[in-house]
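The values are calculated or read from the model by the stated rules, or taken from the named source; none is laboratory data. These numbers were taken from a predicted model, which means no experiment stands behind them. Note: ideal-geometry Cβ built from the backbone for every residue, glycine included; neighbour counts use all protein chains shown. We work out accessible area using only protein heavy atoms, side chains counted, and drop any ligands, DNA or RNA first. Shrake-Rupley method; radii C 1.70, N 1.55, O 1.52, S 1.80 Å.
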Amino acid sequence: MNKLEQLYEGKAKKVFATEDPNLVIVDYKDDATAGDGAKKGTIRGKGVVNNKLSNNLMKMLAEQGVPTHFVEELSDRETLVKKVQIVPLEVIVRNVAAGSFSKRYGVAEGTVFKAPTLEFSYKNDDLHDPLINHYHALALELATQEEIDTISAYAFKVNEILSKYLLQFNIRLIDFKLEFGRLADGTIVLADEISPDTCRFWDATTGAHLDKDLFRRDLGGEEEAYQEVMKRLLG
Ligand code: 5GP
């Protein structure tokens, strides 16, 4: 499968057309942004880690009944995926208070919820991805009720599968962001990526951050943390 013209360049990935109109190639970059684009930098090796980790996790999720866009890993940084129309919702699942939840609601980071929570943000850079509820998503015609129900069910299922899986590697899944897409026939599939860019991973023993918060919060050690997650999960 050949890389044809570039269709899109995002903050962390480029997307290229292929000869097949239903397939595209994603190319992961080392570029990192934070604070709504206010902070820009590079995390060396991040593209390779995110590509390999995301593919590994999506393969596992597909085997357990969550359909995904993943088709085939082509190289360290490139993956063939099904072409989707992205549903413009950031779907966030949380098990433990952290980040914007802690800030917005005044809850200490690390507070464990009795049950996982789900929230949606409207994926729109100009509006800075505002938090919305599902009625807003319907009013804005971002998705149908049926799609929102499917997406919500998949998101909680991903949480159950991933939380259990990661604990085997002594990693706690604190929270994460998913994006879903529609195939040409309207089927909803998990898209984008699942990586230390999009999840909070805490070492289950020490509580150390093993994710992009190291970069976002200028804590340092992000390169090593990304490598550490890859080593634990992929050997
Ligand atoms: P928070 O809302 O606390 O900032 O983020 C919650 C979770 O979703 C974190 O795991 C974070 O990595 C992920 N997340 C939320 N928004 C974004 C985003 O715009 N980009 C990325 N990469 N992750 C996000």
Local charge sum around Glu63 (other residues, Cβ-Cβ under 15 Å, Lys/Arg +1, Asp/Glu -1)?
-> +2
In the chain, what percent of the accessible surface is made up of carbon and sulfur (1.4 Å probe, ligands and nucleic acids excluded)?
-> 51 percent
Whether the chain is rounded, prolate or oblate, judged on the alpha carbon gyration tensor where a/c under 1.5 counts as rounded = rounded
Would you mind working out the magnitude of the charge dipole of the chain relative to its Cα centre, with +1 at each Lys and Arg C-beta and -1 at each Asp and Glu C-beta, to the nearest 20 Debye?
-> 620 debye
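Filter Lys14/Lys103; Lys123/Lys231; Lys52/Lys103; Lys46/Lys82 down to the pairs with a C-alpha to C-alpha distance above 30 Å, please. Before the final figure, lay out the partial values.
Details: Lys14/Lys103 32 Å; Lys123/Lys231 32 Å; Lys52/Lys103 32 Å; Lys46/Lys82 23 Å.
Over 30 Å Cα-Cα: Lys14/Lys103; Lys123/Lys231; Lys52/Lys103.
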Residues other than His136 with Cβ under 15 Å of its Cβ, Lys/Arg counted +1 and Asp/Glu -1, net out at -4
Within the stretch 131-235, percent of DSSP bridges classed antiparallel, to nearest 5 = 100 percent
Among the GluC sites (Glu not before Pro) in the stretch 136-235, which ones are in a DSSP loop with at most 10 other Cβ atoms within 10 Å of the Cβ? Mind listing them?
-> Glu141
Select from Val91, Gln64, Ser54 the residue farthest towards the positive end of the dipole of the stretch 6-118; place +1 on Cβ of Lys and Arg, -1 on Cβ of Asp and Glu, and compute about the Cα centre.
-> Val91
With the charge dipole of the stretch 113-202 built from beta-carbon charges (+1 for Lys and Arg, -1 for Asp and Glu) about the Cα centre, the Cα from Leu140, Gly186, Phe169 projecting farthest to the positive end belongs to Phe169
Note down the accessible area of Phe101, probe 1.4 Å, to the nearest 10 Å².
-> 30 Å²
Using the charge dipole of the chain (Lys, Arg: +1 at Cβ; Asp, Glu: -1 at Cβ; taken about the Cα centre), state which of Phe120, Ser152, Leu233 has its Cα farthest towards the positive end.
-> Leu233
How much area per residue is accessible in the stretch 1-77 when the probe is 1.4 Å and only protein heavy atoms are counted (Å²)?
-> 49 Å²
Give the accessible area for Arg182 in Å² (nearest 10); use a 1.4 Å probe, count only protein heavy atoms, and leave out ligands, DNA and RNA.
-> 50 Å²
What order do Met230, Met58, Met1 take when sorted by accessible area (1.4 Å probe), most exposed first?
-> Met1, Met230, Met58
Exposure rank, largest accessible area first [Leu166, Leu74; 1.4 Å] | Leu74, Leu166
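Using only helices, what value at 222 nm comes out for the chain when you add -39,500 (n - 2.57) per DSSP H run of length 4 or more and divide by the total residues, to the nearest 500 deg cm²/dmol? Mind showing how you got there, number by number?
Values: 6 runs with 71 residues, N = 235.
Roughly -9500 deg cm²/dmol at 222 nm, from the helical runs in the chain.
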Cα-centred dipole magnitude for the stretch 23-77, charges only on beta-carbon of K, R (+1) and D, E (-1), debye, nearest 20 | 260 debye
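Determine the sum of side-chain charges near Ala32: Lys and Arg each +1, Asp and Glu each -1, restricted to other residues whose C-beta is under 11 angstrom from that of Ala32. Spell out each step's value before the answer.
Working: positive: Lys11, Lys29, Lys39, Lys40, Arg44, Lys46, Lys212, Arg216; negative: Asp30, Asp31, Asp197, Glu222, Glu223.
That sum, taken over residues with Cβ under 11 Å, equals +3.
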Determine the per residue accessible area of the stretch 156-235 with all protein chains present and a 1.4 angstrom probe, expressed in square angstrom.
-> 41 Å²
